[in-house]
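All remarks here apply to the structure that follows.
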Amino acid sequence: MPAAFECHRLGKRYGQTLALAGVDLEVQPGELVGLLGPNGAGKSTLVKIACGLVRPSDGDARVTGEPAGSAAARARLGYLAELFRFPGWLRADELLRLHQRLAGSSGGPAERGELLELVGLSDAAGVKVEAMSKGMQQRLGIAQALVGSPRLLMLDEPTSALDPVGRRIVRDLLLELKRRGVAVLLNSHLLSEVERVCDRVAILVSGRIVAQGAPGELAQARGVEIDVDGGTRTFPDAVREEVPDLVAGLVAAGERVYGVRVLSSTLEDTYLEAVAGS
């Protein structure tokens, strides 16, 4: 089975500006990948190439094995922009019907009903967009991106304007899509959300991927702290595997041990270091 999305040596120039400089990235079926990077890093250009809105200057990009921008690739891809705007006078069911026509989907009422149920809007089929909360509109936006059963979903800041409850709903929805085998490329500045839901992350800076891997793999050891009678003893170069020996040594020296903490960096620490180092 081909990757849901893959690009190799992907490059893009706008005149003298280098937006992408040889990006290699893969998103496998059913995988949630977070795309991180500061403003101007090239994230939007990468997404536009995947959607067929921009042609690359170098390299190759494919969606489920089809060239990005081709009719077959577009049919297998769903997209929700960060600053999307739906006609306020349309009801939820009408909006999905419009996007079915645009996507050439023959799913009809059954597909619309299933998508509204999937995003928790079954009771809002007749509600106008202008009467919906931001969270409801966000979920409706994800529903329209899923019209036609795409194998790859590209989401741009899907939880940035949501409260904690709304973020939880979208997070659960993304996990359900993963269970169904839908791949998701998630562009977000909310690193805590990415860390909780994504299988892998890729950090893009100045058009180049400077780090990628599972969130846990990108974390770096920060030493060990051990609470004893006299306070806290710090071992800045120690790693988890050394903890039993450290504790045994302290006990042998007459110390009473009350707690042990293995310190590691967060995804935010890794991201900030990668950006600063580039």
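Every read-out reported here was derived from the displayed coordinates using simple, explicitly stated rules and does not represent laboratory data. A quick note: this is a predicted structure, and the numbers were derived from the prediction, not measured. Cβ atoms come from the backbone with ideal geometry, glycine included; neighbour counts cover every protein chain shown.
Counting neighbouring beta carbons within 10 Å and listing from fewest to most, the residues 189, 99 come out as 189, 99. The rule of thumb for compact globular proteins, 2.2 N^0.38 Å, goes into the C-alpha radius of gyration of region 80-126 1.13 times.
Please report, to one decimal in angstroms, the Kirkwood hydrodynamic radius of region 175-278 built from all distinct Cα-Cα pairs.
Result for region 175-278 stands at 16.3 Å.
Each Cα pair under 8 Å and six or more residues apart adds its sequence gap; the mean of these over the residue count of region 219-277 is a relative contact order of 45 percent. Here the convex hull built on the C-alpha positions of region 219-277 has a volume of 82 cubic angstrom per residue.
Report, ordered by chain and residue number, the lysines lying within cross-link reach of residue 43, taken as a straight Cα distance under 27 Å and ignoring same-chain residues fewer than 8 apart. Within the straight-line limit of under 27 Å, residue 43 reaches these lysines: 12, 134, 178. When DSSP beta bridges are restricted to pairs lying wholly in region 129-278, around 75% turn out antiparallel. Across region 215-220, computed HN-Hα scalar couplings (Karplus, 6.51 cos²θ - 1.76 cosθ + 1.60, θ = phi - 60°) run x, x, 6, 7, 5, 10 Hz from first to last residue, x flagging Gly and Pro.
Helical content of the chain, expressed as a calculated mean residue ellipticity at 222 nm, amounts to -10000 deg cm²/dmol (DSSP H runs of 4 or more residues, -39,500 (n - 2.57) each, divided by residue number, nearest 500). About its Cα centre, the dipole of the chain is roughly 1280 debye, where the only charges are +1 on Lys and Arg Cβ and -1 on Asp and Glu Cβ.
Computed over the chain, relative contact order equals 21 percent, with contacts defined as Cα pairs under 8 Å that lie 6+ residues apart. Taking the DSSP beta bridges with both ends in the chain, the antiparallel portion is around 65 percent. Protection proxy ranking of 25-32, 262-269, by the mean of other Cβ atoms within 10 Å over each peptide's residues and highest first, is 25-32, 262-269. A simple packing score, the average count of other Cβ atoms within 10 Å per residue, orders the peptides 43-51, 81-89 as 43-51, 81-89, with the highest score first. A convex hull fitted to the Cα coordinates of the chain yields 158 cubic angstrom per residue.
For region 139-231, run through the trypsin sites (Lys or Arg not before Pro) and keep only the ones in DSSP coil with at most 14 other Cβ atoms within 10 Å of their Cβ. Before the final figure, lay out the partial values.
Details: sites: 139, 151, 167, 168, 171, 178, 179, 180, 196, 200, 208, 222; in loops: 151, 180.
Sites meeting the loop and neighbour criteria: 180.
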